[in-house]
Amino acid sequence: MAAEACPNCARPLCPPKISAPPVLLQPIYQPISEVHVQRRKKEVGWVGAIVAILMGCLAYVVTTQLQDRIKRAEEAQAQPLPPPALKLLEWEWETADSSRRIVGLVTNNSDKDFRHVGVTFGLYDDDGAKVGTTTDWIGGLASHQVWKFRAEVFRSGPLKASLEEITKY
């Protein structure tokens, strides 16, 4: 086999000598010694211990938060609800001079004065179908004051009524 020649000077070309560093000449796989195994076991042991401690801390935090939420919920259920600011004490039908109305009493249970207070009743026929509403308003209801309302009903025929809403401003 003829050696190749340089195109410029026609001298024969030699293949270059490859010298590899000693590290590359070592085998890729090296057997693991007992020292390496023991070192790995210690590293895995430390990592496992750290993970276990972190999981324990997380469990403690979650448990504490759940216990706090349960305690707050139990305390909220144990406390009685405050009375409503406005309460319907009583009501009845009143008929006079061929007109009908709903009359009754509303009390302001709060320590706050209201500028406007209204009471609304739904009106229903004998079949239970809603046929209208009636409302009465008062301008100003002071704290712990009682209001006697009169809500006129302009519909004839038998009717039933139920409280729909007490409004305050």
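Nothing in this text is a laboratory measurement; each read-out follows from the coordinates by a stated rule. The structure displayed is predicted, hence computed values, not measured ones. Positions of Cβ are backbone-derived with ideal geometry, glycine not excepted, and every protein chain shown enters the neighbour counts.
With θ taken as phi - 60° and the Karplus curve 6.51 cos²θ - 1.76 cosθ + 1.60 applied, the whole-hertz 3J(HN,Hα) list for the stretch 94-104 is 10, 10, 7, 6, 6, 10, 10, 7, 9, 10, x Hz, x standing for glycine and proline.
Sequence-ordered 3J(HN,Hα) estimates for the stretch 63-73 from the Karplus curve with 6.51, -1.76 and 1.60 and θ = phi - 60° stand at 4, 5, 5, 5, 5, 5, 5, 4, 5, 5, 5 Hz, glycine and proline given as x.
Residues whose amide H falls under 5 Å from that of Leu123, counting only those 5 or more places apart or on a different chain, are Val131, Gly132, Thr133, Thr134, with hydrogens built in the peptide plane. Applying the Karplus relation 6.51 cos²θ - 1.76 cosθ + 1.60 with θ = phi - 60° to the stretch 74-80 yields 3J(HN,Hα) values of 5, 5, 5, 6, 6, 7, x Hz, where x marks Gly and Pro. With R₀ set to 45 Å, the beta-carbon distance separating Glu75 from Asp113 gives a calculated FRET efficiency near 0.90.
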